[in-house]
Amino acid sequence: LSAVMVIVLVSLACSSLNPTPGASNFYMATDEDGANKTNVFSSSDDFFVFFDVAGIEAGTTFQSRWYALDIEGEDPNVPFQTIDYAYEEGIGLIYFQMTSAEPWPVGSYKVEVYMNGAKVGEQGFAVQ
């Protein structure tokens, strides 16, 4: 799969003085605002995975690993793309975006999100 990736950050105010460090509230969407939540995409859509972060230190590393689970020619155990991001202070919501110049093959996919090398979230999705 030929893919191009982009990381975009949205800054939100932290609502807690002493948040528990981590990532939570993972979801997929078809838009960079996260308004069109879905786990089913068309072959021309970009894929967005969003998640909240709290209590994270600057420099904490995040990585998204994108897998094609049942696409001919793709190993479902090997990511077809990875995207890295070093956390910047003051960010409350992070998203990773996956794009492709070619239509996405119909099938099942997943994205895993890692924080400092430990898996903190996963979202399965489909292209129909």
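Since every read-out is calculated from the coordinates, none of them should be taken as a lab result. Quick caveat: nothing in here was measured; it's all calculated off a predicted structure. Reconstructed Cβ throughout: ideal geometry from the backbone, glycine too, with neighbour counts over all protein chains shown.
With a cut-off of at most 14 other beta carbons within 10 Å, and DSSP calling the residue loop, which GluC sites (Glu not before Pro) in region 36-100 qualify? Please list them. For GluC sites (Glu not before Pro) across region 36-100 that sit outside H, G, I, E and B with at most 14 neighbouring Cβ atoms in 10 Å, the list reads Glu57, Glu72, Glu88, Glu89.
The residue among Thr82, Ile56, Val113 whose Cα reaches farthest toward the positive pole of the charge dipole of region 54-118, with charges on the beta-carbon of Lys, Arg, Asp and Glu, is Ile56. Hey, what D do you get for the chain in µm²/s if you plug the Kirkwood alpha-carbon radius into Stokes-Einstein at 10 °C and 1.306 mPa s? The calculation lands on 106 µm²/s.
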